[in-house]
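Okay, so here's the structure we're looking at.
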Amino acid sequence: MTSGLLVVAKNDLTHNNLANQFYGDSTLYWVLQIANEDCKRDSLYPPIGIQLRIPQNITKILQDFEEING
């Protein structure tokens with residue numbers, strides 16, 4: 001996986017809000033879910049207090065996704 005920033009999840013934090021903040025696109029919430037194995041895949045809310053990794057260079061992740069699903 002790519003390196004990234006760490007953010008501590010708070011009660012008002014969602015994956016789609018983080019995706020919008022860091023990537024400019026809330027639909028990329030799944031990148032954060034994949035990068036953080038402790039998060040449930042069926043929830044946009046990460047567990048409160050968990051450290052979330054925010055991948056910085058997601059180009060390879062998006063290319064792999066497109067290759068598999070394109």
Q.
Working only with C-alpha atoms, what are the Rg and Dmax values of the range 23-64, expressed in angstrom?
A. 10.5, 31
Q. Expressed as an acute angle from 0 to 90° and rounded to the nearest 10, what is the orientation of the C-alpha long axis of helix 59-69 relative to the principal long axis of the chain?
A. 70 degrees
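Using packing as a proxy for protection, rank 57-69, 8-20, 38-50 so that the peptide with the highest average count of other Cβ atoms within 10 Å comes first.
Working: 57-69: 11.1, 8-20: 15.2, 38-50: 12.7.
Result, highest mean first: 8-20, 38-50, 57-69.
Send over the per residue convex hull volume for the chain, Cα only, as a whole number of Å³.
Working: hull volume 6.0 nm³, N = 70.
Taking only Cα atoms, the chain has a hull volume of 85 Å³ per residue.
Give the relative contact order (percent, whole number) for the chain; include only Cα pairs under 8 Å separated by 6+ residues.
Working: 92 pairs, mean separation 29.8, N = 70.
Value for the chain: 43 percent.
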Q) Solvent-accessible area per residue for the range 10-49 at a 1.4 Å probe radius, Å²? A) 64 Å²
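In whole percent, and with a 1.4 Å probe on the protein chains, what portion of the accessible area of the range 4-70 is carbon and sulfur? Walk me through the numbers before you get to the answer.
On the way: 2150 of 4430 Å².
With neighbouring chains kept in place, the figure for the range 4-70 is 49 percent.
The values are calculated or read from the model by the stated rules, or taken from the named source; none is laboratory data. Model, not experiment: these values are computed from the prediction. When we count neighbours, we look across all protein chains shown, and the Cβ atoms used for this are built from the backbone with ideal geometry, even at glycine. Protein only, heavy atoms only, side chains kept; ligands, DNA and RNA dropped before computing areas. Shrake-Rupley method; radii C 1.70, N 1.55, O 1.52, S 1.80 Å.
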